[in-house]
Amino acid sequence: MTPLEIKGFRIYPAALNRAAQDRIIADVRDVLRQAPLFRPRTRRGPMSVRMSAAGEYGWISDTKGYRYEPNHPDGQPWPAIPGSIRALWDDLADSPRTPECCLINWYDEGARMGLHQDADEQDYDCPVLSVSLGAEALFRMGGTERRDPTVSHWLQSGDVVLLTGPSRRAFHGVDRLRPGPSPLFPEGGRLNLTLRVVT
Ligand code: SIN
Ligand code: FE2
């Protein structure tokens, strides 16, 4: 599969066919039954995205700050990363390490994610692999400085993005979703999964 490269972000359009997307969503629903979505808070208030996770670690943000934690806010360990999602890492990540976190982001129609760097992991040589499912999302990609120019690209359901090399530390965010139903989510909304090595 030849990726599209934008500012060092490696985009694999339509990496997942409909059957593969359905499989992953069924597995994510299983994870969410055990580890329900919650709404993280930052110093600026509640996030518009709801989150959960699978794997040894999940990402938490609350009044004490943000960090990776081995347990869901309800005190239970996170469920294991489903094999259907882990397989994408094995196919595309080109990393000797195995992912320790699958972060699950749920975007309701009006949700967004501000420009940020993924910087809470210890080993930046390991890529972050991101999967888009459901509504299309306008993904903004910048450089390693917040003021660097950015380029935006609509991510489709089934696309995979690899943040690797220079893009691993680059600013990125989601400006908005395409409103309305998608084949995967008739009620609208978007699921984003990111596989990360944490330690
Ligand atoms: C993220 O940066 O954690 C999420 C990116 C996305 O939703 O595509
Ligand atoms: Fe991110």
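Run the numbers on the stretch 126-199 and let me know its relative contact order in percent, using alpha-carbon pairs under 8 Å that are six or more apart.
Values: 164 pairs, mean separation 33.6, N = 74.
Averaging sequence separation for qualifying contacts and normalising by length gives 45 percent for the stretch 126-199.
If you find the alpha carbon centre of the stretch 14-66 and of the stretch 102-147, how far apart are they in angstrom?
Spelled out, the Cα-based centre of one part sits 12 Å from the other.
Which one of ILE60, TRP89, PRO40 is farthest out on the positive end of the charge dipole of the chain, using unit charges on Cβ (Lys, Arg +1; Asp, Glu -1) and the Cα centre as origin?
The residue sitting farthest along the positive end of the dipole is PRO40.
Quick query: amide H of GLY188 versus all other amide H atoms, modeled in the peptide plane; which residues come in under 5 Å with a sequence gap of 5 or more or a different chain?
Correct list: SER182.
Starting from the Cα-Cα distance between GLN34 and ASN17, subtract it from 0.36 nm times their residue separation and give me the gain in nm to one decimal.
3.5 nm
Please list 159-167, 31-39 highest first by mean number of surrounding beta-carbon atoms within 10 Å per residue.
Values: 159-167: 21.8, 31-39: 15.2.
In descending order of packing, they fall as 159-167, 31-39.
Give the relative contact order (percent, whole number) for the chain; include only Cα pairs under 8 Å separated by 6+ residues. Provide the component values of the computation, followed by the final result.
Details: 483 pairs, mean separation 52.2, N = 199.
The value is 26 percent.
Sort the stretch 1-141 into rounded, prolate or oblate with this rule: let a ≥ b ≥ c be the square roots of the eigenvalues of the Cα gyration tensor; rounded if a/c is under 1.5, and if a/c is not under 1.5, prolate when a/b is larger than b/c, oblate otherwise. The partial results should precede the final answer.
Details: a/c = 1.37, a/b = 1.26, b/c = 1.09.
Cα axes put the stretch 1-141 in the rounded bin.
Step through the residues of the stretch 169-186 one at a time and calculate ³J(HN,Hα) from phi using the Karplus curve (6.51 cos²θ - 1.76 cosθ + 1.60, θ = phi - 60°), rounding each to whole Hz and writing x for Gly and Pro.
With coefficients 6.51, -1.76 and 1.60, one gets 9, 8, 5, 7, x, 10, 6, 6, 9, 6, x, x, x, 10, x, 7, 10, x Hz.
For the stretch 67-199, what D do you get in µm² per second when you plug the Kirkwood radius from alpha-carbon pairs into Stokes-Einstein at 10 °C and 1.306 mPa s? Intermediate results must be reported in sequence, preceding the final value.
Working: Rh = 15.6 Å.
Stokes-Einstein gives a translational diffusion coefficient of 102 µm²/s.
Values quoted throughout were computed directly from the atomic coordinates according to the rules given, and no laboratory measurement underlies them. Everything numeric in this text was worked out from a predicted model, so none of it was measured. Cβ atoms come from the backbone with ideal geometry, glycine included; neighbour counts cover every protein chain shown.
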